[in-house]
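Right, one structure below, let's go through it.
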Amino acid sequence: MKPFCFAVDKIIESEKASLHPMDIGLIRGYGVFDFFRTVNYHPMFLDDYLNRFIWSAEQTHLSLRYDFDRLQNIVHELIDKNNLKQGGIRMILSGGVSDNHFSPAASSLFIFCEELLMPSEEKYGNGVNLLTVDYIRPIPEIKTTNYALPVYLSADWGTKNAEDVLYHFNGIISESSRSNIFIVKDGITSTPKNNILRGITRKRILELQQDIQVRDIRLEEVLEADEVFISSTTKRILPITKIDGRPVGSGLVGEKTKSIMTAFEIMEKKNAKL
């Protein structure tokens, strides 16, 4: 955690930030957040993240008292004050303290700057393993703070050599716990269309490769795919070479995945003006 954050209505020392213990963000797990990276002091794709955060607040009936311009200014102030050349910025909007301890009330806004650990070069080079889980994330189109199930499940990921999970329901996949997913079969790339967060990295990939099919994908298709990869802010594009410990395709990172990884890296550099 970097030394300074925005808490409720001002920038303060991060260690002094506090949340009321009866806030429904804590007792009910009700709140929204967003997270993005800085590269060379530049907040990557900031407009997209701020617009999604504002939309999430509206959809969940949370009171965000700051408009786009003010949020943008706060982010830049924190980057300067924390000297955040490379790192992460986490925005959280709590549910508030309500009379009935259940309904949304006056929300509190927090923005923190963090150190950011990306996956190792080994993971990008060799791919990782996902474990399938029968589940749909609550109100999946919104980036809520409800991650109870994957946090609970993560205690076993180390022993199972797993990076994360892959959600499916009634035979249809949706997403990983913190990432969108893509499959490649016979040269055609596809990604789920329902019960997902519309990820910003996913959005960029769809811009880079406009012939990607956005459709329902059956779990069997993933298990029989030639290539699989996930995308997110913190993982960028990460190859999946095993599902439930079984090899995907050849068990190696595929050429289509490599080409999209390269194209996305070029797009990032342009965005960061490197």
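Selection of first residues in the range 250-267 that are within 16 Å of residue 232 (Cα to Cα) and of second residues that are open to solvent by 40 Å² or more (accessible area, probe 1.4 Å) and hydrophobic (A, V, I, L, M, F, W, C), restricted to Cβ pairs under 6 Å at least 6 apart or on distinct chains, gives the following pairs, ordered by first then second residue: 263/208. Among the residues of the range 242-258, the one identified as open to solvent by less than 20 Å² (accessible area, probe 1.4 Å) and part of a helix (DSSP H, G or I) is 257. Please verify whether residue 66 is surrounded by 21 or more Cβ atoms within 10 Å (Cβ to Cβ) and in contact (Cβ under 8 Å) with a residue 40 or more places away in the chain, treating the condition exactly as stated. When the stated conditions are applied, residue 66 does not pass them.
Is there a residue in the range 179-197 that is of a type in the set (S, T, N, Q), touching a residue at least 60 places away in the same chain (Cβ under 8 Å) and out of contact with any Pro (no Cβ under 6 Å at 6 or more places or on another chain)? Within the range 179-197, one or more residues are of a type in the set (S, T, N, Q), touching a residue at least 60 places away in the same chain (Cβ under 8 Å) and out of contact with any Pro (no Cβ under 6 Å at 6 or more places or on another chain). Residue 212 meets the stated requirement of being at pLDDT 95 or above and within 27 Å of residue 52 (Cα to Cα).
Within 30 Å of residue 218 (Cα to Cα), open to solvent by 30 Å² or more (accessible area, probe 1.4 Å) and in contact with a Leu (Cβ under 7 Å, 6 or more places away or on another chain), is that true of residue 135? In short, yes. Of the strands (runs of 3 or more DSSP E) lying entirely inside the range 149-231, those carrying at least 3 residues that are under 30 Å from residue 43 (Cβ atoms) and either open to solvent by less than 60 Å² (accessible area, probe 1.4 Å) or of a type in the set (Lys, Arg) (or both) are 164-169, 172-176, 180-185.
The values are calculated or read from the model by the stated rules, or taken from the named source; none is laboratory data. The structure presented is a predicted model; accordingly, all values stated were derived computationally and were not measured. Note: ideal-geometry Cβ built from the backbone for every residue, glycine included; neighbour counts use all protein chains shown. What goes into the accessible areas is simple: the full protein's heavy atoms, side chains included, and nothing from ligands, DNA or RNA. Shrake-Rupley method; radii C 1.70, N 1.55, O 1.52, S 1.80 Å.
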